[in-house]
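Novice: Provided herewith is a single structure, encoded as structure tokens, for subsequent inquiry.
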Amino acid sequence: MLDESRQIAEKANRAKSEFLANMSHEIRTPLNAVLGIDEMILRESDDENIIDYASNIKNAGNMLLSIINGILDFSKIDSGKMEITEDE
């Protein structure tokens with residue numbers, strides 16, 4: 001009974017890790033497209049209001065991308081696909 005419960009828990013944990021990794025990739029792809037288009041707006045616009053709006057989009061998008069990358073890293077660590085090494 002205990003062995004069966006442990007197997008069920010391990011299977012659920014693997015499913016969670018796979019879900020997080022897949023969702024992180026699925027969210028990152030369109031977010032990178034938005035950030036790329038936003039970068040083109042920043043490069044090509046001379047309008048200060050547009051530049052201000054686009055800068056806000058860039059900052060918020062980069063913060064969101066950082067959170068998503070953290071989730072992906074955590075899911076890799078959790079699934080044993082990433083090794084943490086100590087460094088000075």
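The values are calculated or read from the model by the stated rules, or taken from the named source; none is laboratory data. Computed from a prediction, not measured in an experiment: that's the story for all the values here. A quick note on method: Cβ atoms are made from the backbone with ideal geometry, for glycine too, and the neighbour counts reach across all protein chains shown. SASA here: full protein model, heavy atoms, side chains in, ligands and nucleic acids out. Shrake-Rupley method; radii C 1.70, N 1.55, O 1.52, S 1.80 Å.
Novice: Based on what the data block shows, is Arg6 modelled with pLDDT of 95 or more and either over 21 Å from the mean Cα position of the chain (by Cα) or loosely packed, with under 10 Cβ neighbours inside 10 Å (or both)?
Specialist: No; evaluated as a whole, the condition is false for this residue.
Novice: If you don't mind, there's one more thing I want to ask. Could you give every pair whose Cβ atoms fall below 9 Å, whose first residue belongs to the range 44-70 and is more than 30 Å from Ala21 (Cβ to Cβ), and whose second residue is open to solvent by less than 90 Å² (accessible area, probe 1.4 Å) and of a type in the set (D, E, K, R), counting only separations of at least 6 or pairs across chains?
Specialist: Note: pairs meeting the criteria are Ala54/Asp38; Ala54/Glu39; Ser55/Asp38.
Novice: State all residues of the range 1-33 that are of a type in the set (Gly, Ala, Ser) and under 16 Å from Leu65 (Cβ atoms); if no residue qualifies, say none.
Specialist: Ala21, Ser24, Ala33
Novice: Something else: Quick one: in the range 24-41, of everything that is within 10 Å of the chain's Cα centre (by Cα) and in contact (Cβ under 8 Å) with a residue 24 or more places away in the chain, which residue is least open to solvent (accessible area, probe 1.4 Å)?
Specialist: Ser24
Novice: Turning to a different aspect of this structure: How many of the residues making up the range 50-83 are open to solvent by 100 Å² or more (accessible area, probe 1.4 Å) and either of a type in the set (A, V, I, L, M, F, W, C) or modelled with pLDDT of 90 or more (or both)?
Specialist: Matching residues across the range 50-83 total 4.
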